[in-house]
1. Output wanted: per-residue J couplings in Hz (rounded whole) for the stretch B:34-39, from phi through Karplus 6.51 cos²θ - 1.76 cosθ + 1.60, θ = phi - 60°, x for Gly and Pro.
2. Residues of A:100-106, mean number of Cβ from any other protein chain within 10 Å of their own Cβ, rounded to a whole number?
3. For the ranges A:29-36, A:72-79, B:52-59, what's the packing order if you count other beta-carbon atoms within 10 Å of each residue, average per peptide, and put the highest first?
4. Taking the alpha-carbon distance from B:Lys14 and a cut-off under 25 Å, which lysines remain once sequence neighbours fewer than 8 residues away in the same chain are dropped?
5. Can you give the local net charge around A:Ile13? Use residues other than it whose beta-carbon is closer than 12 angstrom to its beta-carbon, Lys and Arg +1, Asp and Glu -1.
6. Would you mind giving the mean number of other chain beta-carbons within 10 Å of the Cβ of each residue in B:96-107, as a whole number?
7. From zero outward in steps of 5 Å, how is the percent of C-alpha pairs of the stretch A:70-112 spread across the bins?
8. Listed highest first by mean packing, meaning other Cβ atoms within 10 Å per residue, what order do B:14-22, B:74-82, B:102-110 come in?
Amino acid sequence: SQKIEQNSEALNIQEGKTATLTCNYTNYSPAYLQWYRQDPGRGPVFLLLIRENEKEKRKERLKVTFDTTLKQSLFHITASQPADSATYLCALAGDSNYQLIWGAGTKLIIKP
Amino acid sequence: NAGVTQTPKFRVLKTGQSMTLLCAQDMNHEYMYWYRQDPGMGLRLIHYSVGEGTTAKGEVPDGYNVSRLKKQNFLLGLESAAPSQTSVYFCASSIDGYNEKLFFGSGTQLSVL
């Protein structure tokens, strides 16, 4: 079955630098992959979706890449700010409709 | 436009008690989902619905029941709560079930003693 690996250790980044988070999967390449942000005590909030035929997607300071050969997606936040501190979740399309497979998330801490 | 609203936000149950979590969405979405989130694990799908009057099992359905009598509401029931059901529960909705982003509620923290 499909498994997702996100770095379980918190990522500490200096303000202004680029933060890069990793999402690795183990099995089939999903049709699409999504990234969400989750703040403490809140539900996840959608950020970006990238399809299997897309190598890169951008939205303001955010960039997502999708490498089906490496079975990996990278999530970048450029010019990071303390307000970007949160847990970031990746989710892959499952092998059946309607079901996403979720990573456990990586906690990002941006230090002033 | 409230989005997805979950009630209650917190609940403490004793083993064997029952309860219902309510999820309401005002975006006219067809698809609704119930997830649980446990420390160190990804969100796990409990049940989902692809439209009014329909429900289906997700990854971890045992011990839970759901109903979708109205399009805007999706109820999650625990008939006989167990400590293993201590978790944070999230409801979500989407326009359709594939290639679409999910909109989440703020969650319910449930503790079963």
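1. Per residue, the Karplus-derived 3J(HN,Hα) values read 10, 10, 10, 10, 10, x Hz.
2. That works out to 5 on average.
3. On the way: A:29-36: 21.4, A:72-79: 18.5, B:52-59: 14.6.
The densest-packed peptide leads the list: A:29-36, A:72-79, B:52-59.
4. Within the straight-line cut-off, B:Lys14 pairs with nothing.
5. Details: positive: A:Lys17, A:Lys107, A:Lys111; negative: A:Glu15, A:Asp84.
Combined, the nearby Lys, Arg, Asp and Glu give +1.
6. Working: counts 2, 5, 7, 7, 5, 9, 8, 4, 7, 2, 3, 5.
Mean inter-chain Cβ contacts per residue within 10 Å come to 5.
7. Per 5 Å bin, starting at zero, the Cα-Cα P(r) for the stretch A:70-112 comes out as 5, 18, 22, 19, 15, 11, 6, 3, 0 percent.
8. Values: B:14-22: 13.4, B:74-82: 18.0, B:102-110: 21.0.
With the highest mean Cβ count within 10 Å placed first, the list reads B:102-110, B:74-82, B:14-22.
Where a number appears in this text, it was derived from the coordinates with a stated rule and is not lab data. The structure displayed is predicted, hence computed values, not measured ones. Here Cβ is always computed from backbone atoms with ideal geometry, including for glycine, and neighbour counts include all displayed protein chains.
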